[in-house]
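Student: Attaching a single structure in structure tokens format; questions to follow.
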Amino acid sequence: MTTIREARPADVPIILQLIHDLALYEREPDAVRNTVASLEAALFGERPTIYAHVAEVRGEVQGFALWFLNYSTWEGVNGIYLEDLYVRPEARGAGYGKALLANLARIATERGYARVEWSVLNWNEPSIRFYESLGAAAQSEWSTFRLTGDALADVAAL
């Protein structure tokens, strides 16, 4: 029996471990700088900036969805941006990812949000096929841009 529930403070270490596992899967094993303290503050601090749900089976977390609100100026309502969706490799195929996405879709629908959106690496064919099987559509007319590192500092100094 799978339970999809909101993350609790006690889940933070396992969520961080799953974030490290995701980074390894996405070929960026040394990219995670997050810590238990910063993740806990973002999820459960005085002004939380992110939300997380976990897929739990017999008391063990098998996967998680970490998300935050965005806003559509055209629609005039919030949406959900799914930052990370990850299911342990040995637990894939059991419906946990689908259950986590269905949970976010229900939250969006119940709250009147316009959409749930996320990014996926172009080479990640298994995930792309999974998302397409649910009816998700790639937004090929949009490109993602990012300011980071020196470029971020340079623009901040303008």
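Student: Against the definition (among the charged types (D, E, K, R), surrounded by fewer than 19 Cβ atoms within 10 Å (Cβ to Cβ), out of contact with any Asp or Glu (no Cβ under 6 Å at 6 or more places or on another chain) and at pLDDT below 95), how does ARG58 come out, yes or no? So that I can check it myself, show each step before the final result.
Tutor: Working: among the charged types (D, E, K, R): yes; surrounded by fewer than 19 Cβ atoms within 10 Å (Cβ to Cβ): yes; out of contact with any Asp or Glu (no Cβ under 6 Å at 6 or more places or on another chain): yes; at pLDDT below 95: yes.
So ARG58 fits the description; yes.
Student: Within segment 29-39, identify whether any single residue is among the acidic types (Asp, Glu) and either free of Cβ contacts under 8 Å to residues at least 12 places away in the same chain or assigned to a helix (DSSP H, G or I) (or both), and answer yes or no.
Tutor: Residues of segment 29-39 that are among the acidic types (Asp, Glu), as a first pass: 30.
Still in the list and also either free of Cβ contacts under 8 Å to residues at least 12 places away in the same chain or assigned to a helix (DSSP H, G or I) (or both): 30.
The answer is yes, given that some residue of segment 29-39 is among the acidic types (Asp, Glu) and either free of Cβ contacts under 8 Å to residues at least 12 places away in the same chain or assigned to a helix (DSSP H, G or I) (or both).
Student: Show the residue pairs meeting these rules: Cβ distance below 9 Å; 6+ apart or different chains; first residue within segment 115-139 and in contact (Cβ under 8 Å) with a residue 60 or more places away in the chain; second residue assigned to a loop (DSSP other than H, G, I, E, B).
Tutor: Here the result reads LEU121/GLU26; LEU121/ARG27; ASN124/GLU26, each pair linking segment 115-139 to a residue that is assigned to a loop (DSSP other than H, G, I, E, B).
Student: When you look at ALA94, is it surrounded by fewer than 17 Cβ atoms within 10 Å (Cβ to Cβ), over 19 Å from LEU39 (Cβ atoms), of a type in the set (A, V, I, L, M, F, W, C) and within 14 Å of the chain's Cα centre (by Cα), yes or no? Talk me through it step by step, then tell me what you get.
Tutor: Details: surrounded by fewer than 17 Cβ atoms within 10 Å (Cβ to Cβ): yes; over 19 Å from LEU39 (Cβ atoms): yes; of a type in the set (A, V, I, L, M, F, W, C): yes; within 14 Å of the chain's Cα centre (by Cα): no.
In short, no.
Student: Could you tell me whether LEU69 is closer than 22 Å to SER119 by Cβ and surrounded by fewer than 17 Cβ atoms within 10 Å (Cβ to Cβ)?
Tutor: Working: closer than 22 Å to SER119 by Cβ: yes; surrounded by fewer than 17 Cβ atoms within 10 Å (Cβ to Cβ): yes.
Yes.
Student: Those residues that are among the charged types (D, E, K, R) and over 24 Å from ALA105 (Cα atoms), I need them from segment 133-150; list them, please.
Tutor: Of segment 133-150, the ones among the charged types (D, E, K, R) are 141, 146, 150.
Those that are among the charged types (D, E, K, R) and over 24 Å from ALA105 (Cα atoms): ARG146, ASP150.
Student: Does segment 115-122 include one or more residues that are outside any strand (DSSP E or B), among the basic types (Lys, Arg), out of contact with any Gly (no Cβ under 8 Å at 6 or more places or on another chain) and exposed (fewer than 15 other Cβ atoms within 10 Å of the Cβ)? Break it down into steps so the answer makes sense when it comes.
Tutor: Going residue by residue through segment 115-122, those that are outside any strand (DSSP E or B) are 115, 119-122.
Those left that are additionally among the basic types (Lys, Arg): 115.
So of that shortlist, the ones also out of contact with any Gly (no Cβ under 8 Å at 6 or more places or on another chain) come out as none.
Checking segment 115-122: not a single residue is outside any strand (DSSP E or B), among the basic types (Lys, Arg), out of contact with any Gly (no Cβ under 8 Å at 6 or more places or on another chain) and exposed (fewer than 15 other Cβ atoms within 10 Å of the Cβ).
The values are calculated or read from the model by the stated rules, or taken from the named source; none is laboratory data. Owing to the predicted nature of the structure, the values given are computational and were not obtained by experimental measurement. Counting neighbours? That spans all protein chains shown, and the Cβs are built from the backbone with ideal geometry, glycine included.
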